[in-house]
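*Asks:* Pasting a structure below so you can have a look.
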Amino acid sequence: MKTMMKRIAMLTLSACMLVGGAVSSFAATGASSHYTVSILGHQTNDCEGTAKGEIVARFSSPYGDVQDYVICGECGDVNGKSCLSEVDDATANFSELCVYQGKLDNGERIMTVTCLSSGVNAMSGVTANVMMPWDAIEGYDLYLVNADGTETKIEPYGTDWAYIDVYMDGGTALIRMVEQ
């Protein structure tokens, strides 16, 4: 009887370990799968008429879902509707800075950074040294989406304030915010 009980206990333990391993494997796969992002281009925004103020991005899920978004880096609109919130107290090495963040309807959390040149063009080919409160990015890893669709991890630094360096490639920059 004792031998039989030991076998049942061992079988139950083995089954629990297998199921637990499968669940944790599934959870790890689900956590790391995310949309891939392609930059389709930059265009003049409708809100202020700023050249390169909007970024056109395509989000593709691992399951084949594809969604295109027109994201305004100057007012936070997505596909013409108010969606993103302005990051308070953000400053940069350029005088006219716009930083917005929020969640898209596909669940992806993003941030945009736009530096304006004389209010008529979003700057490109420059690096913005952005300073913002830590709580604006706390709990997230930041990935700059490059024009070719690759992503570059941004490493925030600083003690009292978070500093990030954002290369403005083509106008408004798009940053994916991935929960840690």
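The values are calculated or read from the model by the stated rules, or taken from the named source; none is laboratory data. As the structure is a prediction and not an experimental result, all values here were calculated from the model. The protein model used for the area step is the full one, side chains on, heavy atoms only, and it has no ligands, DNA or RNA in it. Shrake-Rupley method; radii C 1.70, N 1.55, O 1.52, S 1.80 Å.
*Asks:* With a 1.4 Å probe and all protein chains left in place, how much accessible area per residue does region 131-180 have, in Å²?
*Replies:* Numbers: 2520 Å² over 50 residues.
I get 50 Å² per residue for this part.
*Asks:* Taking a ≥ b ≥ c as the square roots of the eigenvalues of the Cα gyration tensor of region 40-103, is the shape rounded (a/c under 1.5), prolate (a/b larger than b/c) or oblate?
*Replies:* Values: a/c = 2.12, a/b = 1.62, b/c = 1.31.
Verdict is prolate for region 40-103.
*Asks:* Calculate one ³J(HN,Hα) per residue across region 103-108 by plugging θ = phi - 60° into the Karplus curve 6.51 cos²θ - 1.76 cosθ + 1.60, and present them in order as whole Hz with x for glycine and proline.
*Replies:* Karplus-based 3J(HN,Hα) across region 103-108 equals 10, 7, 5, 8, x, 6 Hz.
*Asks:* Now for a separate question. For region 47-130, what does the accessible surface come to per residue with a 1.4 Å probe? Please give it in Å².
*Replies:* Normalised by residue count, the accessible surface of region 47-130 is 45 Å².
*Asks:* For Phe94, Phe59, what's the largest-to-smallest order of accessible area, 1.4 Å probe? Write out the running numbers ahead of the final one.
*Replies:* Numbers: Phe94 50, Phe59 0 Å².
So, going from the largest accessible area down, we get Phe94, Phe59.
*Asks:* Where Rh is the Kirkwood radius over the Cα pairs of region 84-180, the temperature 25 °C and the viscosity 0.890 mPa s, what D in µm²/s does Stokes-Einstein return?
*Replies:* Estimated diffusion coefficient is 182 µm²/s.
*Asks:* Still on this model: Please list, ordered by chain and number, the residues whose modelled amide H lies under 5 Å from the amide H of Ala162; skip anything fewer than 5 residues away on the same chain.
*Replies:* Correct list: Met132, Trp134.
*Asks:* Let me ask something else. Roughly how many percent of the accessible protein surface of region 132-171 is carbon and sulfur, given a 1.4 Å probe and a whole-percent answer? Provide the component values of the computation, followed by the final result.
*Replies:* Numbers: 1010 of 2120 Å².
Answer for region 132-171 is 47 percent, counting heavy atoms of protein chains only.
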